[in-house]
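To start, the structure under review is shown below, and the notes come after it.
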Amino acid sequence: MRNRVRSFKFALAGLRRVAATQMNFRIHLAAAAAASALGFWLGISAGEWAAVLLCFAAVLTAEAFNTAIEGLVDFVSPKFHDKAGEVKDIAAGAVLISAVLAALVGCVIFLPKLAARLG
């Protein structure tokens with residue numbers, strides 16, 4: 001049981017580190033908070049909440065992996081190397097994919113409800 005508790009402590013330390021050091025992670029957290037507030041205001045359904053929460057998880061996880069990959073690449077290849085740059089670009093591209101698709105899911109869920117509420 002102690003090992004499980006220690007594992008959670010290490011994981012939480014990693015999350016604190018990425019939140020403290022990565023502006024993009026904090027931007028994604030702010031976007032998640034804004035989407036949550038909007039979801040409560042618009043009264044989205046349980047299924048819509050599930051989709052929104054999965055999007056939060058996908059984007060934040062991608063951003064955390066991107067941070068870890070960039071740190072590892074910088075550690076292994078401190079000097080510029082084309083392949084190291086390529087790996088970092090691919091990791092950043094994964095974040096972009098998840099963020100764009102999360103935004104599209106948000107549009108599908110929120111825009112019709114906003115139009116009905118405001119129109």
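The values are calculated or read from the model by the stated rules, or taken from the named source; none is laboratory data. This one's a predicted model, so the numbers in the text were calculated from it and none came from an experiment. Glycine also receives a Cβ, built like all others from the backbone with ideal geometry; neighbour counts cover every protein chain displayed.
When Leu111 is tested against the conditions (1) under 25 Å from Leu29 (Cα atoms); (2) among the aliphatic types (A, V, I, L, M); (3) surrounded by 11 or more Cβ atoms within 10 Å (Cβ to Cβ), the lone failure is (3). Residues of region 21-38 that are assigned to a helix (DSSP H, G or I) and either over 18 Å from Phe56 (Cα atoms) or in contact (Cβ under 8 Å) with a residue 40 or more places away in the chain (or both): Thr21, Asn24, Phe25, His28, Ala35, Leu38.
With respect to the conditions (1) over 30 Å from Leu118 (Cβ atoms); (2) at pLDDT 95 or above; (3) outside any helix (DSSP H, G or I), Ile44 falls short on a single one, namely (1).
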